[in-house]
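Visitor: The structure's right below; bear with me while I get my questions together.
The values are calculated or read from the model by the stated rules, or taken from the named source; none is laboratory data. These numbers come from a predicted model, not from an experiment. Cβ coordinates were reconstructed from backbone atoms using ideal geometry, including for glycine residues, and neighbour counts include every protein chain displayed. To get the accessible areas, we keep the full protein, side chains included, count just its heavy atoms, and leave off ligands, DNA and RNA. Shrake-Rupley method; radii C 1.70, N 1.55, O 1.52, S 1.80 Å.
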Amino acid sequence: MNNSVINELNFKNEPVIKYLPKSRERMELEAELYRIKNFYIDIPLIIGGKEIRTGNKGLCIIPHNHKKVIGEYHKAGKEEVELAINEALKAKTKWEEMPWEHKVSIFLRAAELAAGTWRAKLNAATMLTQSKTCRQAEIDSACELIDFFRYNAYCIQQIYNEQPLSTKDVWNRIEYRPLEGFIFAVSPFNFTSIAGNLCASPAMAGNTILWKPASTTVYSSYVVYKLFQEAGLPDGVINFIPGNSGEISDTVLSSEHLSGIHFTGSTKVFQDMWTAVGNNITNYRTFPRIVGETGGKNYIIAHASADRKSLIEGLIDGSFEFQGQKCSAASRAYIAKSVWNEIKDTLIKKVSNIKVGDIEEIDTYMGAVIDNKSYDSIAKYIEYAKNSSDAEILIGGEHDDRSGYFVNPTIILTENPNFKTMEEEIFGPVLTIFIYDDLNYSDILKLCNNTSKYALTGSIFAKDRYAIEEAEKELVHSAGNFYVNVKPTGAVVSQQPFGGSRLSGTNDKAGSKFNLIRWMSPRVIKEQLHIK
Ligand code: NAD
């Protein structure tokens, strides 16, 4: 019996570790990198706690050394997906009824493991399968993942504490039930933390899950799954089903028991899933909750008063860290002519010094892009710009996929503010710049707002307070995360809840109360105390 009222949980962001040469953490990381590269892994599906091997397999590849295969994974077919739905439903009652503090404890334990003995495993898997530098892995698969688990726990307690008013003769209560049925969590390749959170947040609220990880990063997702198991997650609560997305989706989205979709990925895939839900809407037992964080065409605007040094830093880190494959990465910039004349040479020089290559080398800033599909798509945009009379390649433009999917950081300059690369999401290290006359600042704000169908992130660089105020107002619907005098990437859990609107998603702010509440279905209980 538990009748204790629990003290409020505390929350603090996980500190970022530096991994200096010869430090204990660097040595542990290097040992893990070695282990992963030298021990071939065979990754099963995990359904109802049981490992299943279908024999229909995909490969786990290192993007910056794509001939190196580090393992293979089994793919789920229709039969396994149906089994996973049954197992998720079977696990549901016990999981739902488990007191919330027990559920949350599992994820707090997972955070503790990730901050300690599992840190190197998570980071090494992320570095090798996503081609992230050590720093980029650390802020993702260690810090952000840990923050998601701990902050979700903190938010869940706050939500549960929220209760309606009662009167002298009526006692009102809210019970925060999970949704009826199962949740379909579908993760993108680019963040281990997002992948972990997509299944963890509905699970913490009492739901059971089918998790389809991205095919290119099954390895790092599997490490997160094993972390959940190590932390004590009961069988069937999260079911791990990598495989062919179309085939899995068809079965999942037509199940009458689907109660929610938790998705991060591209806009088109999300639209297709939503369409499929619409087509099946009369078959469901409940209206599925649909939460999706999708694409972006994020901007940087530099006013004539912008601080030159911070702008250059913002343009480089905002556009090129992790090869421009952060959903929040800047990919179009509008720069006042007077500023441009002063920063152009330094910007080009700094970008030309960026080291692209093996992420295990300590001075590498950019690794490879995720796969051949992505490489081809980015290369096509670059070639388009090279051959266009509307644009010139200012720096970069080289790409080479012989050993890894490498694309150099590329800056395109255009005089056409509606040039293809100013409007479409490229999802690679390509920034397009448009120079405007200093006096046209107000028009540029309008242009920026109207150019893109997305609205994820954006930054304004200015010292002039009126300019900042005007941008904030004019661009109110252009970004769910708006930044002043800093790059548009690097949102920190608990500090900048993340998500965008328009075609960038449902803006339910991953890792926050807003998101968690989507996985709950409150029941209000009114009890009459005074009976006439
Ligand atoms: P993607 O859309 O190609 O894939 C995402 C997931 O959807 C993968 O697991 C994939 O296998 C699955 N998928 C593909 N087709 C499907 C279908 N028909 N049914 C069900 N699932 C399907 O995206 P990606 O390349 O992995 O990630 C990059 C995209 O994600 C970019 O557009 C980026 O902007 C976006 N993203 C957005 C955010 C955000 O917070 N807004 C965060 C990360 C990534």
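Visitor: Given region 1-114, what strands (runs of 3 or more DSSP E) lie entirely inside it while holding 2 or more residues that are touching a Cys at 6+ places or on another chain (Cβ under 6 Å)?
Guide: Values: elements: 41-43, 45-47, 50-52, 57-62, 65-74.
In region 1-114, 65-74 are the strands (runs of 3 or more DSSP E) which contain 2 or more residues that are touching a Cys at 6+ places or on another chain (Cβ under 6 Å).
Visitor: Go through (1) of a type outside the set (Val, Ile, Thr); (2) buried (at least 17 other Cβ atoms within 10 Å of the Cβ); (3) assigned to a helix (DSSP H, G or I); (4) away from the ligand (no atom under 14 Å from the Cβ) and name the single condition ASN515 misses.
Guide: (4)
Residue-by-condition table, conditions (1) crowded, with 24+ Cβ neighbours inside 10 Å; (2) not in a helix (DSSP H, G or I):
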{"site": "LEU447", "(1), (2)": "no, no"}
{"site": "GLY458", "(1), (2)": "yes, yes"}
{"site": "LYS463", "(1), (2)": "no, yes"}
{"site": "TYR466", "(1), (2)": "no, no"}
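Visitor: Are any of the residues in region 217-234 in contact (Cβ under 8 Å) with a residue 24 or more places away in the chain, open to solvent by 20 Å² or more (accessible area, probe 1.4 Å) and more than 20 Å from THR129 (Cβ to Cβ)?
Guide: Looking for residues that are in contact (Cβ under 8 Å) with a residue 24 or more places away in the chain, open to solvent by 20 Å² or more (accessible area, probe 1.4 Å) and more than 20 Å from THR129 (Cβ to Cβ), one finds at least one in region 217-234, hence yes.
Visitor: Do you know which residues across region 107-150 are open to solvent by less than 10 Å² (accessible area, probe 1.4 Å) and hydroxyl-bearing (Ser, Thr, Tyr)?
Guide: Listed by number, the residues that qualify are THR126, THR129, SER131, SER141.
Visitor: In region 424-441, how many residues are within 16 Å of the ligand (Cβ to nearest atom) and open to solvent by 60 Å² or more (accessible area, probe 1.4 Å)?
Guide: In the first step, residues of region 424-441 are kept if they are within 16 Å of the ligand (Cβ to nearest atom); the result is 424-431.
Those still in the list that are open to solvent by 60 Å² or more (accessible area, probe 1.4 Å) too: 424.
Of the residues in region 424-441, 1 are within 16 Å of the ligand (Cβ to nearest atom) and open to solvent by 60 Å² or more (accessible area, probe 1.4 Å).
Visitor: Given the condition in the same structural domain as ILE146 (by TED's automatic domain parsing), within 17 Å of the chain's Cα centre (by Cα) and open to solvent by less than 20 Å² (accessible area, probe 1.4 Å), answer yes or no: does some residue in region 479-489 qualify?
Guide: Quick first cut of region 479-489, residues in the same structural domain as ILE146 (by TED's automatic domain parsing) only: none.
No, there is no match, as no residue in region 479-489 is in the same structural domain as ILE146 (by TED's automatic domain parsing), within 17 Å of the chain's Cα centre (by Cα) and open to solvent by less than 20 Å² (accessible area, probe 1.4 Å).
Visitor: Hey, another quick one. Out of the residues in region 47-98 that are under 17 Å from MET127 (Cα atoms) and either without any contact (Cβ under 8 Å) to a residue 40 or more places away in the chain or among the hydrophobic types (A, V, I, L, M, F, W, C) (or both), state the one that is most open to solvent (accessible area, probe 1.4 Å).
Guide: Kept after step one, since they are under 17 Å from MET127 (Cα atoms), are these residues of region 47-98: 59-71.
Still in the running and either without any contact (Cβ under 8 Å) to a residue 40 or more places away in the chain or among the hydrophobic types (A, V, I, L, M, F, W, C) (or both): 59-62, 68-70.
Working: LEU59: 94, CYS60: 6, ILE61: 58, ILE62: 3, LYS68: 66, VAL69: 45, ILE70: 1 Å².
Once the filter is applied, the top-ranked residue is LEU59.
Visitor: Right, something else. Here are some residues: LEU33, LEU45, LEU29. Which one is aliphatic (A, V, I, L, M), at pLDDT 95 or above and over 25 Å from GLU112 (Cα atoms)?
Guide: On the way: LEU33 fails: over 25 Å from GLU112 (Cα atoms); LEU29 fails: over 25 Å from GLU112 (Cα atoms).
Exactly one residue qualifies, and that residue is LEU45.
Visitor: Are any residues in region 318-374 within 16 Å of the ligand (Cβ to nearest atom), open to solvent by 30 Å² or more (accessible area, probe 1.4 Å) and touching a residue at least 12 places away in the same chain (Cβ under 8 Å), and if so, which ones?
Guide: ASP371, ASN372
Visitor: Conditions: (1) touching a Gly at 6+ places or on another chain (Cβ under 9 Å); (2) more than 22 Å from SER215 (Cα to Cα); (3) not aromatic (Phe, Trp, Tyr). PRO242 meets all but one. Number of the miss?
Guide: Only one criterion is unmet by PRO242, namely (2).
Visitor: Something else: Does PHE189 qualify as being open to solvent by 10 Å² or more (accessible area, probe 1.4 Å) and within 21 Å of the chain's Cα centre (by Cα)? Working first, answer last.
Guide: Values: open to solvent by 10 Å² or more (accessible area, probe 1.4 Å): yes; within 21 Å of the chain's Cα centre (by Cα): yes.
Answer is yes for this residue.
Visitor: Looking at this structure, is VAL476 open to solvent by 30 Å² or more (accessible area, probe 1.4 Å), on the phi < 0 side of the Ramachandran plot and outside any strand (DSSP E or B)?
Guide: Numbers: open to solvent by 30 Å² or more (accessible area, probe 1.4 Å): yes; on the phi < 0 side of the Ramachandran plot: yes; outside any strand (DSSP E or B): yes.
Taking the combined requirement at face value, the residue satisfies it.
Visitor: OK, next. When the residues of region 396-438 are filtered to those that are part of a strand (DSSP E or B) and of a type in the set (Ser, Thr, Tyr), which remaining residue is farthest from the chain's Cα centre (by Cα)?
Guide: The first filter runs over region 396-438 and keeps only residues part of a strand (DSSP E or B), leaving 399-400, 406-407, 410-414, 430-436.
If we keep only those that are of a type in the set (Ser, Thr, Tyr) as well, we get 410, 414, 432, 436.
Working: THR410: 23, THR414: 30, THR432: 23, TYR436: 33 Å.
This residue is TYR436.
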